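Below is one structure, written out as structure tokens, with a few remarks after it.
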Amino acid sequence: MAVDTSIFRRKSAEDSMEESLDPERALRRTLTTWDLIVLGVAVAVGAGIFSVGATAAANYAGPAVIVSFIIASVVCGLAIMCYAEFASTLPVAGSAYTFSYASMGEFVAWIIGWDLILEMLLGSAVIAKFWGVYLADAFALFGVDIPTTVRLGPVDVDWGPVVIVAIFTTLLALGTKLSTRVNSVFTIIKVAITIFVIVVGFFYVDKANYSPFVPPSEPAPGRGSLEQPVFAFLFGLEPTAYGVIGILSGAALVFFAFIGFDVVATTAEETKNPQRTVPRGILGGLAIVTVLYILVTVVVTGMVSYTELAAADTPSLTTAFVLVGADWAGRVISVGILVGLTSVLMVLLLGLTRIVFAMSRDGLLPRAASRTSPKYGTPVRLQIGVGIVVAIIAGLSEVELLEEMINIGTLSAFVLVSFGIPVLRKRRPDLQRGFRVPWSPALPIIAGVACLWLMANLTTLTWLRFLAWLAVGVVVYFAYSYRHSIAANPHFDSRTGARL
């Protein structure tokens with residue numbers, strides 16, 4: 001049998017399924033539809049629901065941020081349907097990485113896996129960092145005098161992110177089912193707080209604040225050329241705020257609030273009856289989150305004028321309540337944010353580990369990382385290693401400055417998954433699909449193009465950082481992954497790791 005030396009060599013669905021049966025590298029199927037819905041809601045309903053909408057209204061779209069959220073939710077929904085079809089066809093760990101391996105080949109799969117590592121590594125670190133920031137805010141609001149940083153030699157360490165990462169790393173190592181049970185409690189609490197804030201906020205809504213619904217476009221002199229959308233930079237346009245461009249830029253920003261639904265697809269190998277459970281879990285969670293986001297946005301833009309939000313240093317839902325004299329809401333929202341970030345962090349840590357696990361099992365990263373514990377059925381050593389890296393980044397760096405990098409990593413994965421649906425249908429029409437995207441290939445292609453358009457509305461600086469990350473990934477692939485890939489050697493036993 002000849003060795004396939006092409007960088008676009010594909011891994012069959014049958015090989016992926018067979019490798020998931022390796023007792024040394026197998027994950028236990030324990031999750032239900034409810035568990036997946038909870039994971040989806042848990043990863044999406046975080047600090048973003050309390051802050052990103054207000055920021056987008058203040059700086060980009062005004063009251064029309066409601067339209068920005070609808071655009072972002074529709075794009076996310078289209079892409080998530082593609083994830084649902086892939087996950088019901090290939091119910092193994094790895095999400096977009098595994099799907100791309102089967103449809104577009106190894107190099108594309110590596111790039112998308114590398115992007116997903118970027119998304120979930122930075123996502124975990126940023127959320128952990130924000131958790132520490134909001135913990136300090138909560139201490140101040142409740143009059144608790146406890147410093148949130150400690151001095152270790154020449155550096156200051158934020159102990160909050162380190163502690164919360166350590167707790168959830170331990171829970172995830174002990175078992176995915178145990179983690180989802182703990183996560184369910186946090187998710188129910190934060191959804192209840194969100195609904196409470198929405199109901200109370202409606203009593204302060206003044207319909208006059210919705211006018212003008214689409215504020216006229218105006219120059220944004222405070223933004224540099226690298227801080228405007230990349231398409232505007234390429235066409236030499238001056239930085240602007242509001243208007244149609246503001247709505248689209250707002251959609252690209254609030255897309256941050258929808259990241260993480262792709263993480264649910266990474267748990268397909270740990271799900272009971274994945275052909276039915278995964279599509280229901282992903283789409284059910286997205287429906288709940290979309291309703292909550294739109295309601296929160298209607299409230300925050302109706303409570304105060306977008307111009308008042310723009311005058312604030314860090315506009316948020318708390319800002320809106322303070323401006324209408326309901327200062328007490330700050331305490332409720334601070335608790336909601338802390339609880340929200342807690343569950344978001346757990347799901348992102350889970351997703352990051354499963355992506356690295358899948359790439360390791362294929363030999364593109366060191367295979368030792370893909371061994372699972374016979375007692376817990378999880379990759380314990382990998383989970384602990386990932387937790388340590390995230391804790392160090394969150395505790396020692398200003399990682400929050402790279403927040404937009406999470407969006408571009410997610411969107412790039414959405415693009416390839418969307419375009420991959422018609423490719424796999426053509427190449428493997430025989431595969432059983434528990435869910436099928438309607439109106440294919442038109443709808444998947446529309447989803448991919450829509451994600452590309454949102455990427456074009458991210459800042460030029462974000463694109464430059466993203467291209468630098470991709471360049472590093474290409475070097476790693478040709479220096480290590482290409483030669484160590486299991487697909488490169490047909491005489492390699494993927495179950496035992498031995499050469500035949």
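The values are calculated or read from the model by the stated rules, or taken from the named source; none is laboratory data. Since we're looking at a predicted model, the values are computed, not measured. Ideal geometry is used to build each Cβ from the backbone, glycine not excepted, and the neighbour counts take in all protein chains shown. Side chains are part of the model used for accessible areas, which takes the heavy atoms of the whole protein and leaves out ligands, DNA and RNA. Shrake-Rupley method; radii C 1.70, N 1.55, O 1.52, S 1.80 Å.
Do any residues in region 196-221 that are within 17 Å of ILE294 (Cβ to Cβ) have Cβ atoms under 6 Å from those of residues that are part of a loop (DSSP other than H, G, I, E, B), where the two are at least six apart or on different chains, and which pairs are they?
The qualifying pairs are ASN209/SER305.
Only one of THR271, THR266 is at pLDDT 70 or above and of a type in the set (Val, Ile, Thr). Can you tell me which? Outline the logic, then answer.
On the way: THR266 fails: at pLDDT 70 or above.
None of the others qualify; the one that does is THR271.
Which residues, counting only those in region 463-487, are under 20 Å from the mean Cα position of the chain (by Cα) and closer than 14 Å to VAL108 by Cα?
Of everything in region 463-487, those that are under 20 Å from the mean Cα position of the chain (by Cα) and closer than 14 Å to VAL108 by Cα turn out to be LEU470, GLY473.
Considering each of VAL199, VAL191, VAL230, VAL214 in turn, give the residue that is more than 30 Å from VAL332 (Cβ to Cβ) and at pLDDT 75 or above.
Residue meeting the stated conditions: VAL214.
Among what's in region 310-336 and is touching a Ser or Thr at 6+ places or on another chain (Cβ under 6 Å) and part of a helix (DSSP H, G or I), pick the residue that is surrounded by the fewest Cβ atoms within 10 Å (Cβ to Cβ). Steps first, answer last, please.
Restricting attention to region 310-336, the residues satisfying the condition of being touching a Ser or Thr at 6+ places or on another chain (Cβ under 6 Å) are 312, 315-316, 330, 333.
Restricting the remaining residues to those that are part of a helix (DSSP H, G or I) gives 330, 333.
Working: GLY330: 19, ILE333: 27.
The extreme case among them is GLY330.
Which of the residues that make up region 428-447 are loosely packed, with under 14 Cβ neighbours inside 10 Å and at negative phi? Even if it seems obvious, please write down each step before you answer.
Within region 428-447, the first condition is being loosely packed, with under 14 Cβ neighbours inside 10 Å, and the residues that meet it are 429-430, 432, 438-439, 442.
Of everything in region 428-447, those that are loosely packed, with under 14 Cβ neighbours inside 10 Å and at negative phi turn out to be PRO429, ASP430, GLN432, PRO438, ALA442.
Can you spot a residue in region 337-355 that is over 18 Å from the mean Cα position of the chain (by Cα), assigned to a helix (DSSP H, G or I) and modelled with pLDDT under 80?
No.
Taking into account only those residues within region 148-174 that are within 24 Å of the chain's Cα centre (by Cα) and among the polar types (S, T, N, Q), which is farthest from LEU341 (Cα to Cα)?
THR170
So which of ALA54, ALA61 is outside any loop (DSSP other than H, G, I, E, B), of a type in the set (A, V, I, L, M, F, W, C) and either surrounded by fewer than 24 Cβ atoms within 10 Å (Cβ to Cβ) or modelled with pLDDT of 80 or more (or both)? Explain how you work it out, then say what you get.
On the way: ALA54 fails: either surrounded by fewer than 24 Cβ atoms within 10 Å (Cβ to Cβ) or modelled with pLDDT of 80 or more (or both).
When all the criteria are applied, what remains is ALA61.
Looking at (1) more than 30 Å from the chain's Cα centre (by Cα); (2) surrounded by fewer than 17 Cβ atoms within 10 Å (Cβ to Cβ), can you tell me which one TYR204 breaks?
Condition not satisfied by TYR204: (2).
Tally up the residues in region 304-346 that are in contact with a Gly (Cβ under 6 Å, 6 or more places away or on another chain) and aliphatic (A, V, I, L, M), please.
Initially, region 304-346 is screened for residues in contact with a Gly (Cβ under 6 Å, 6 or more places away or on another chain), giving 306, 318, 340-341, 344.
Right, trim to aliphatic (A, V, I, L, M) and you get 341, 344.
Matching residues across region 304-346 total 2.
If you go through region 362-375, how many residues are open to solvent by 10 Å² or more (accessible area, probe 1.4 Å) and part of a helix (DSSP H, G or I)?
3
Name the residues in region 64-97 that are open to solvent by 10 Å² or more (accessible area, probe 1.4 Å) and either free of Cβ contacts under 8 Å to residues at least 60 places away in the same chain or farther than 22 Å from VAL289 by Cα (or both), would you?
Of everything in region 64-97, just one residue is open to solvent by 10 Å² or more (accessible area, probe 1.4 Å) and either free of Cβ contacts under 8 Å to residues at least 60 places away in the same chain or farther than 22 Å from VAL289 by Cα (or both), namely THR89.
Taking helices (runs of 4 or more DSSP H) that fall entirely within region 65-164, which contain at least 3 residues that are touching a strand residue (DSSP E or B) at 6+ places or on another chain (Cβ under 9 Å) and modelled with pLDDT of 85 or more?
Working: elements: 65-89, 96-103, 106-141.
Of the helices (runs of 4 or more DSSP H) lying wholly inside region 65-164, none has at least 3 residues that are touching a strand residue (DSSP E or B) at 6+ places or on another chain (Cβ under 9 Å) and modelled with pLDDT of 85 or more.
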